[in-house]
Protein chains: 2
Amino acid sequence: MSEIPVVRDVLDDNAAGAAANRARFAAAGVYVMNLMSGPGAGKTTLMERTAVACRGRLRIAVVAGDIETRRDADRIARHGVPVEQVNTGGACHMDARMLEGALSRIDLASLDALIIENVGNLVCPAEFDLGEHDKVMILSVTEGADKPAKYPLMFSEARLMVLGKTDLLPYVDFDPHAAIADARTLNPDLEVIRLSSRTGEGIEDWISWIERRRASRVGGTKD
Amino acid sequence: MSEIPVVRDVLDDNAAGAAANRARFAAAGVYVMNLMSGPGAGKTTLMERTAVACRGRLRIAVVAGDIETRRDADRIARHGVPVEQVNTGGACHMDARMLEGALSRIDLASLDALIIENVGNLVCPAEFDLGEHDKVMILSVTEGADKPAKYPLMFSEARLMVLGKTDLLPYVDFDPHAAIADARTLNPDLEVIRLSSRTGEGIEDWISWIERRRASRVGGTKD
């Protein structure tokens with residue numbers, strides 16, 4: 001049994017798909033983020049808050065990835081942003097090819113930013129380039145401060161770590177300084193935003209971060 | 001590119017490894033549980049509480065699976081139970097073959113129960129039989145009640161769902177009845193224990209459950 005060559009084929013094919021997506025994003029002038037976290041860290045709730053906070057400021061759309069169901073897409077669509085659901089059919093991550101159908105149904109050229117909400121998994125999604133500009137991850141404070149050392153690829157690949165559910169800090173044993181220090185041991189340039197979708201803490205920082213990254217990678221917003 | 005035959009080879013090889021493990025567990029008369037959850041749901045903390053609660057009652061050992069680090073093993077070993085760490089070297093789950101080294105270093109015949117703490121991942125571990133008697137999963141109440149429908153294989157494969165971190169129920173939007181009903185739509189026989197490692201709620205139910213399953217699958221405890 002030789003598993004390695006096949007893994008390489010899969011990643012080579014993904015790289016080709018990612019390059020195609022990247023060209024598509026560049027042609028449309030849209031900034032694209034790949035948003036990752038473990039299950040239940042709050043990706044979808046953050047997308048709901050983001051949809052509201054972006055009104056009149058950034059035109060966004062969301063691609064929601066899940067193994068099954070279109071619950072996330074339905075939740076986000078209520079807030080008036082275009083959403084496409086991608087079901088991975090059992091796969092534990094999104095790959096670049098899975099996005100093709102969803103991307104063809106979105107008017108990318110009308111958008112400032114596209115956020116791809118990956119499958120809830122702190123391991124596998126980090127291995128698959130989707131053609132995005134930035135990988136962003138959420139670590140919820142309920143998950144424990146030991147996660148960077150235990151899931152190193154995710155923390156190494158991310159440009160930004162959102163420290164989520166900060167409203168629960170009084171009720172859990174979580175040392176934000178230790179978690180941030182551990183993550184920066186792996187990734188010294190990692191940016192961090194403390195955020196609570198419930199209280200609104202950090203939401204303005206989050207939207208400003210997206211605007212700044214869009215300006216840096218793509219240019220100013222569209223009028 | 002044909003990915004499917006290789007996936008089948010991997011699962012066939014795992015099935016052979018699981019059969020070998022199963023024979024080893026039967027020969028030793030040890031009950032074995034495969035404990036799974038998303039990252040940060042509280043598996044290791046539950047193992048610490050279990051080590052204390054089992055004293056004078058059940059002789060247990062733990063195999064702690066992680067992509068990297070031996071932090072979990074160190075945390076559990078402090079409580080005086082034998083622990084072996086398995087690092088999966090990047091893999092998002094444990095497979096049956098990865099257990100071989102750890103199993104050879106544990107005196108299985110001296111144990112009543114062995115708990116295998118899998119990698120924190122709500123997707124991939126559910127696909128790999130380790131030769132265990134029961135699969136058990138933890139859903140933390142901070143993860144949201146929508147998880148069964150979104151991660152169906154895990155909830156279908158488990159015999160028991162531990163609803164964890166119940167001490168945080170007052171601070172999160174989580175409907176235990178909805179989560180349990182959703183999980184039982186997938187798996188009508190699923191047993192449920194509500195548990196908080198912090199307050200101790202459910203710990204007695206949890207230890208009794210292990211004793212009962214051991215008696216049912218292996219026989220009475222060893223004297």
With r defined as the distance between the Cβ atoms of A:R184 and B:A27 and R0 fixed at 41 Å, what FRET efficiency is calculated, to the nearest 0.05?
0.30
Point-to-point label distance, B:A20-A:S216, nm (Cα→Cβ direction, 7 Å offset):
4.9 nm
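If contacts are Cα pairs under 8 angstrom and at least 6 residues apart, what is the relative contact order of chain B in percent?
Details: 423 pairs, mean separation 54.1, N = 223.
About 24 percent, as a whole number.
With a/c under 1.5 counting as rounded, go ahead and sort segment B:1-122 into rounded, prolate or oblate using the C-alpha gyration tensor (a ≥ b ≥ c being the square roots of the eigenvalues; past the cut-off, prolate if a/b is larger than b/c, else oblate).
Oblate is the answer for segment B:1-122, as a/c is 1.5 or above yet b/c matches or exceeds a/b.
For peptide A:194-206, how many partner chain Cβ atoms fall within 10 Å of a residue's Cβ, on average? Walk me through the numbers on the way to the answer.
Values: counts 0, 0, 0, 0, 3, 0, 0, 0, 0, 0, 0, 0, 0.
What the average comes to for A:194-206 is 0.
In segment B:137-223, what trypsin sites (Lys or Arg not before Pro) fall in a loop by DSSP, with at most 14 other Cβ atoms inside 10 Å? Mind showing how you got there, number by number?
On the way: sites: B:K150, B:R159, B:K165, B:R184, B:R194, B:R198, B:R212, B:R213, B:R214, B:R217, B:K222; in loops: B:R159, B:K165, B:R198, B:K222.
Passing sites in segment B:137-223 are B:K222.
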Total charge dipole magnitude, segment B:1-160, about the Cα centre, Cβ charges on Lys, Arg, Asp, Glu only, Debye to nearest 20
660 debye
Which three extents, in whole angstrom, do the alpha-carbon atoms of chain A cover along their principal axes, largest first?
55, 45, 34
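Work out the FRET efficiency for B:R71 and B:L169 from their Cβ-Cβ distance, taking R0 = 22 Å, and round it to the nearest 0.05.
On the way: r = 28 Å, r/R0 = 1.25.
For B:R71 and B:L169, the calculated efficiency is 0.20.
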If we hang a label 7 Å off Cα along the beta carbon direction at B:G101, how far is it from the matching labels on the other copies, in nm, shortest first?
4.2
Note to self, chain A gives a 222 nm [θ] from helices alone (DSSP H runs n ≥ 4, -39500 (n - 2.57) apiece, / all residues, nearest 500) of -11500 deg cm²/dmol
Positive end of the dipole of the protein assembly as shown, charges at C-beta (+1 Lys, Arg; -1 Asp, Glu), about the Cα centre: which of A:V7, A:L190, A:C54 has its Cα farthest in that direction?
A:C54
Given an 8 Å cut-off on Cα distances and at least 6 residues of separation, report the relative contact order of segment B:123-171 as a percent.
48 percent
Considering every residue in A:68-77, what mean count of other chain Cβ atoms within 10 Å of its Cβ is obtained?
2
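Taking every residue in B:143-149, how many Cβ atoms of other protein chains lie within 10 Å of its Cβ, on average? Please list the in-between numbers first.
Values: counts 9, 7, 1, 8, 3, 1, 5.
That works out to 5 on average.
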Inter-copy distances for A:A15, nm, shortest first, label points 7 Å along Cα→Cβ, are 3.5
Run through all the Cα pairs of segment A:113-223 and give the fraction in each 5 Å bin from 0, expressed as whole percent.
2, 11, 21, 23, 21, 14, 5, 2, 1, 0
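For the protein assembly as shown, what value does the Rg/Rh ratio take when both radii are computed over Cα atoms and Rh is the Kirkwood radius, given to two decimals? Write down the numbers at each step before the final one.
On the way: Rg = 22.1 Å, Rh = 22.6 Å.
Taking Rg over the Kirkwood Rh, I get 0.98.
Compute the relative contact order of segment A:24-117 as a whole-number percentage, counting only Cα pairs closer than 8 Å that sit 6 or more residues apart in sequence.
Values: 143 pairs, mean separation 40.8, N = 94.
Here the relative contact order equals 43 percent.
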In segment B:72-102, the trypsin sites (Lys or Arg not before Pro) that fall in loop regions by DSSP, at most 16 other Cβ within 10 Å
B:R78
Compare the peptides B:33-40, A:103-110 by average per-residue count of other Cβ atoms within 10 angstrom and give them in order, highest first.
B:33-40, A:103-110
Position B:D175, label points 7 Å along Cα→Cβ, spacing to each other copy in nm (shortest first, one decimal)
4.0
Where in chain B are the helices, taken as whole DSSP H runs, whose Cα atoms extend 30 angstrom or more along the long axis and whose Kyte-Doolittle mean reaches at least -0.5?
B:4-28
Have a look at A:L139, A:L122, A:L190 and tell me which one the Gaussian network model of chain A (Cα, springs below 10 Å) gives the largest fluctuation.
A:L190
Among the lysines, which fall within straight-line cross-link reach of B:K150, defined as a Cα-Cα distance under 18 Å, with same-chain neighbours fewer than 8 residues apart omitted?
A:K43
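Can you tally the net charge around B:G17? Count Lys and Arg as +1, Asp and Glu as -1, for every other residue whose Cβ sits under 9 Å from the Cβ of B:G17. It would help to have the intermediate numbers written out before the result.
Details: positive: B:R97; negative: B:D13, B:D95, B:E100, B:D129.
In short, -3.
Values quoted throughout were computed directly from the atomic coordinates according to the rules given, and no laboratory measurement underlies them. On a predicted model such as this, the values are computed, not experimentally measured, just so you know. Ideal geometry is used to build each Cβ from the backbone, glycine not excepted, and the neighbour counts take in all protein chains shown.
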